[in-house]
Structure formats: C-alpha cells, structure tokens
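Here the structure comes first, spelled out in structure tokens, and everything after it is commentary.
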Amino acid sequence: MLAAIPVKPFGVAKVRLGPAVDAAARSRLGIAIAERTGRAARDAGGEVAIVTADRGVRRWARQCGFGVIAEPDGTGSGLDRAATAAAAEADRRGLLWCVIHADLPLVTPDDFAAVFGAAHSGPVLAPSHDGGTNVIAGSGPSFPFAYGPGSFQRHLAAVPTASVLVRPRLALDLDTPRDLAVALALATDGWLASLILEQEGPGQPL
C-alpha cells in the first residue's frame, strides 16, 4: 500500500488558523502533525510518500524517512494533481494507493489499518467532519479526484460502489480555530497542548 500524503510548503499552509496562532506557529504545527500522520500510516504498514513540489518539504520528508513523489505542474487543484500523481506512481509499481490529508492530529495506526484493510475489496472514502474527503484509497491510475469544499459527495457520486469509512479520528482535520479547539479537547496524551504552549510567547495566549 502506497500511503501518499500531499504536503504544501509549511510556510503558507493553514492560513485559516490565523485567528488562533501566528504564521510561525502554524508552520510548526503543520510540520508536527504531518509527521505524526505519516508515522501513523507507516506504523499501519503503509509505504509513506510525501507528494510535493517544494524543496523544503522534500528535504523534511527525507529526514523523516518518508519517500517523495514530485507534484507535477499544471492547472486546476494542486491536491487533485498530487493525488493523481500518487495513484499513477502506485499503479506503475503494482501497489494499492491511499491518499491522506496531512493534517489529521488525532489519527492512529488503527485508523489507517482499517482503511488499508478495506481497500483490498475496492475503493474507500473517509469523509471529513465538514463534508470533505480526508482519505481516499483505491487502485489504478484513473480515480476521479475532485477535492475542495463538499468533495465527499462528489467522490461518492463518481464512485458509488466505494466503501465509506466513518471514524472520528479520520474525520477531524485541522483547518480552523474550532478544529484546533476540538483536537485539543480530545487529544488524550497532551502532545498537541504541549506543542501549542511551546509556540506561545509571554502575553500571547492562544
């Protein structure tokens, strides 16, 4: 299973978290959560590859021990292009593929193991809490990726035979201050709260 994680340059990601954390903190959050997401997929048995066009992200991925897939240039959604490149690479190597959002702060290896197992029987969609699609698994190079707001319904309409896997930790991605508040409330081991506290300076509460 090729577990492909598209990653934007960390310095420009997560702008919607702006009311809660500054740009430097958003970058550090993005790095930490992307690494945890990748490690969880690897611990579940996936071969993790970061899909990116950014040199800094490529360097970070290799430092983490992840593979790298070059995101191609082109028009349209960068996430669609990245996912299509990942599916093509998996098909070239004779592997199933799984495209995973990089910002899943609560996800565990068990969540990915459930996706990987279900993918052996056909396409799998894991929706986000707000109607997006946080995880898609399948085979072959021609999945009709259509990311963006409301993408889960588009993906399901395009592939109505797909299995739908609803798991709370797969459903929560980190886009808004509300998402961050929910993640902080649900994280049980304190790692996310500790990371946030590290980003705060004197007189700069979250």
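The values are calculated or read from the model by the stated rules, or taken from the named source; none is laboratory data. These numbers come from a predicted model, not from an experiment. We place every Cβ from the backbone using ideal geometry, glycine too, and count neighbours over all the protein chains shown.
Listed here are the residues, each with its yes/no results for (1) of a type in the set (Phe, Trp, Tyr); (2) at pLDDT 95 or above; (3) touching a helix residue (DSSP H, G or I) at 6+ places or on another chain (Cβ under 8 Å); (4) under 16 Å from residue 9 (Cα atoms).
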residue	(1), (2), (3), (4)
59	no, yes, no, yes
88	no, yes, no, no
97	yes, yes, yes, no
101	no, yes, yes, yes
107	no, yes, yes, no
110	no, yes, no, no
119	no, yes, no, no
Of the numbered conditions (1) modelled with pLDDT of 95 or more; (2) in contact with an Asp or Glu (Cβ under 6 Å, 6 or more places away or on another chain); (3) under 19 Å from residue 44 (Cβ atoms), residue 163 fails exactly one; give the number of that condition.
(2)
Sort out which residues of the stretch 135-182 are assigned to a loop (DSSP other than H, G, I, E, B) and either without any contact (Cβ under 8 Å) to a residue 24 or more places away in the chain or charged (D, E, K, R) (or both), and write them in order of number.
144, 149, 150, 160, 167, 173, 175
Index of the failed condition, residue 40 passing every other in (1) at pLDDT 95 or above; (2) touching a strand residue (DSSP E or B) at 6+ places or on another chain (Cβ under 8 Å)
(2)
Mind checking which pairs have a first residue in the stretch 46-66 that is at positive phi and touching a residue at least 24 places away in the same chain (Cβ under 8 Å) and a second that is in a helix (DSSP H, G or I) and surrounded by fewer than 19 Cβ atoms within 10 Å (Cβ to Cβ), Cβ under 8 Å, 6 or more apart or different chains?
none
Determine whether residue 157 is surrounded by 15 or more Cβ atoms within 10 Å (Cβ to Cβ) and more than 15 Å from the chain's Cα centre (by Cα).
no
Reported set for the stretch 192-202 where residues are over 30 Å from residue 80 (Cβ atoms) and either in a loop (DSSP other than H, G, I, E, B) or at pLDDT 75 or above (or both) is 200, 201, 202
